[in-house]
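Below is one structure, written out as structure tokens; comments come after it.
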Amino acid sequence: MIKKKLIKSINANIFVYLIFILLIAILFKNNKTFYSIYKISVSNYNERISKNYENIFYSGFCRNQSHGYLIYIKENFKYEHVPDIINFDLDKKIPHWVFGKINYKKSNKYLILLNYNKQKKNLINFSNYKIIDNYKDSCYFLQKK
Amino acid sequence: MIELINIISQLLIFILIFSIGNFSGLKKNYLVENYSNLYENYSYNIIIQLNLILFLSFLNINLETIIYVYLIFIFFLLIYNFHFLLLKENYLNHHIYFLFFICLVIFLDISFNLTLSWDTEKFWYQKTLNFYNGYTIDNLTNTNRSYNPHFGDLVWALFWKFSLIAEEYSGRLFYGFFYVISISLLISNLKTKVLYKFIFVLLIIIATYDYRILFSGNKEILIFSILCLLLHSLNKFNFNKVKDTNKEIIFFILAANLLLWSKQVGFVYLISLLIPLVLFFKINKNKKFIIIIFSILFYLIKLFVYKFYNFDLNLKSCCYNDFTIQGIISKISFDRFLLILSYLAFYLFQNFIFIIGLIILMLGIKNKKFLLKNLYLYLMIFLNFSFIITIYILTDADLDTMLRTGIERLVFMFMPVFIILIVNYINYFDKRLIKLSK
């Protein structure tokens, strides 16, 4: 009985139902819903946010504000307090928020260099530090010896 | 996979928690027959629960304590409405399926995109972290731009903490839920079949959806959603659909309070609602007086909280320095005015809701009956445009840069006024068609 009623209703409003389905398809396409489901299933929060920041003009993995590299450090290394960060691209901001802390003490022990520029190498004496991570000689995670 | 399940669980929690209080007096038969009451109930719950969270934060208590008190409140609501919550019609109806489905699509997009806007990274997210890390309202003086209201970030932090997903975006999922509820509520004013309403909701979402503006942590989404609720309320007053005026006025005032705490600019949007309310609405003068007095009272409470916690009260941001008469006069020029208008036109014509709204705005002038009934919307649109032009004409910063970075979001915030104008015009047009066919 209910089935018959439903079929009758669909037949009477077939055009409206088609529009409804079409709009849902547009919403799916605009939001890349299936791709999102796939990405959420196969990658974690840090991988997704890092990848998406690569597409933003003021950021990248180890470029501009370098959100990706900071997320990578946060995810893969242990440190006390939030490391000190120097961005050699002086026009760009440093996204400290990535570490999820507020009113924090900056670490004296750990240092992150972003967009390292060899022409300004006088600023950092590498002999004082142990290199924990080096990304293409451009972004470094250092520990004071 | 677990994250997907957690996202769905978060959505179910929202649906459950915001349907718990039966504030609009739903009855079993209403649930099935009356579409608008169901969404009204959700929005009333949201308004009351968010006000509670906001007022608790004023007491300088940390987020965990706020959550405990909030859960006790939810528990009492649960006991009080237990018989109502057991009704399967409450959850097993096509409105809820639709709500669930649309919210899920939006939740998935938020969970995938994740990036924060420039403003959020710099100003808003610090406030969220402040609450999430156990600090109270008192510590907000140590964050950037303490004059920015903390309400949106408090809610973000609360639903981040009170979630199965341990990541920050779980707090932003609430914005998605609120967005869908507010649009559905506004569209519920349409006098048409449920399926057509669903189609309209989908159209509005497709037209307005932009992750960057809505869900990257900006607070424009809150202004947009709260304006939807307030306009729904005004529309009910306008068409004499209010059953319990006192109750509606209380919800209006509470929603107005949230508007004040969403963003500094919320105050201006509230004024643009109150002026038409005073001038055009046939409500008892005493009740109008109560609305005005309470709006002022809530604004004074805001000032008191700012003063008490030493938040910065001056809007000494990048862009406004010179407010002397000479300075203001020197800034007003035809060239600047023209530049603002060109940007305004550019962004208005990028969205089909504005295009249709502007056409209806002009067509409506010809219909005296429609014009008289919707004069308050015309005044609101005029006030909002004037406000945007004034904001930009008075700036001391580079006008072109300011327009490029800000006008899109400002224009977006008053889109609900155009949506309700379209809804009312369709209702008016529909009535005429029915009369002609008779």
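Laboratory data are not the source of any read-out in this text; all were calculated from the coordinates shown. The model shown is predicted, which means the values in this text are computed figures rather than measured ones. Here Cβ is always computed from backbone atoms with ideal geometry, including for glycine, and neighbour counts include all displayed protein chains.
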Can you give me the convex hull volume of the Cα atoms of region B:132-193, divided per residue and expressed in Å³?
112
Provide Rg over Rh for region B:66-204; use the alpha carbon set for both Rg and the Kirkwood Rh (inverse mean inverse pair distance).
1.03
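With each run of n ≥ 4 DSSP H residues scored as -39500 (n - 2.57), what mean residue ellipticity at 222 nm is computed for chain A after dividing by its residue count and rounding to the nearest 500 deg cm²/dmol?
My calculation for chain A gives -12500 deg cm²/dmol from helical runs alone.
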Global geometry of region A:2-42, whether rounded, prolate or oblate, following the gyration tensor of its Cα atoms and the 1.5 cut on a/c
oblate
Run through region B:309-379 and list the chymotrypsin sites (Phe, Trp or Tyr not before Pro) located in a DSSP loop whose Cβ has at most 16 other Cβ atoms within 10 Å.
B:Y320, B:F323, B:F349
Considering the convex hull of the alpha carbon atoms of chain B, report its projected area averaged over all viewing directions, in nm², one decimal.
22.0
Can you return the aspartates and glutamates within cross-link range of B:K161? Criterion is Cα-Cα under 16 Å, with same-chain partners fewer than 8 residues away left out.
B:E3, B:E64, B:D153
So which chymotrypsin sites (Phe, Trp or Tyr not before Pro) in region A:100-145 are both in a DSSP loop and have at most 13 other Cβ atoms within 10 Å of their Cβ?
A:Y104
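What is the ratio of the Cα radius of gyration of the protein assembly as shown to 2.2 N^0.38 Å, with N the residue count, to two decimals?
Rg over 2.2 N^0.38 Å, computed on Cα atoms: 1.03.
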Inter-probe distance in nm under a simple model that places probes 7 Å from Cα toward Cβ, at B:L279 and B:I72
4.7
Tell me, what HN-Hα J-couplings in whole Hz come from the Karplus equation 6.51 cos²θ - 1.76 cosθ + 1.60 at θ = phi - 60° for each residue of region B:183-192, using x for Gly and Pro?
5, 4, 5, 5, 6, 5, 6, 5, 9, 8
Using a 10 Å cut-off on Cβ to Cβ distances, tally the other chain neighbours for every residue of B:403-411 and report the average as a whole number.
0
For a footprinting-style exposure proxy, rank A:H96, A:H67, B:H83 by other Cβ within 10 Å, fewest first.
B:H83, A:H96, A:H67
Per the 1/(1 + (r/R0)^6) rule, R0 = 60 Å and r from the Cβ atoms of B:K369 and B:N142, FRET efficiency to 0.05 is 0.60
Holding the Cα-Cα limit at 25 Å, pick out from A:K8/B:K243; A:K93/A:K136; B:K191/B:K373; A:K106/B:K219; A:K105/B:K122 the pairs that are longer than that.
A:K8/B:K243; A:K106/B:K219
Percent of all alpha-carbon pairs of region B:234-340 at distances over 21 Å, whole number, is 52
Phi to ³J(HN,Hα) by Karplus 6.51 cos²θ - 1.76 cosθ + 1.60 over region A:16-26, Hz, x for Gly, Pro
5, 4, 4, 4, 4, 5, 4, 5, 5, 4, 5
Tabulate in residue order the Karplus-calculated ³J(HN,Hα) for region B:119-136, using 6.51 cos²θ - 1.76 cosθ + 1.60 with θ = phi - 60°, rounded to whole Hz; enter x for Gly and Pro.
4, 5, 4, 7, 10, 7, 5, 4, 5, 4, 4, 4, 6, 5, 7, x, 7, 9
Stick to Cα atoms and the Kirkwood definition of Rh, then tell me Rg/Rh for chain A.
1.31
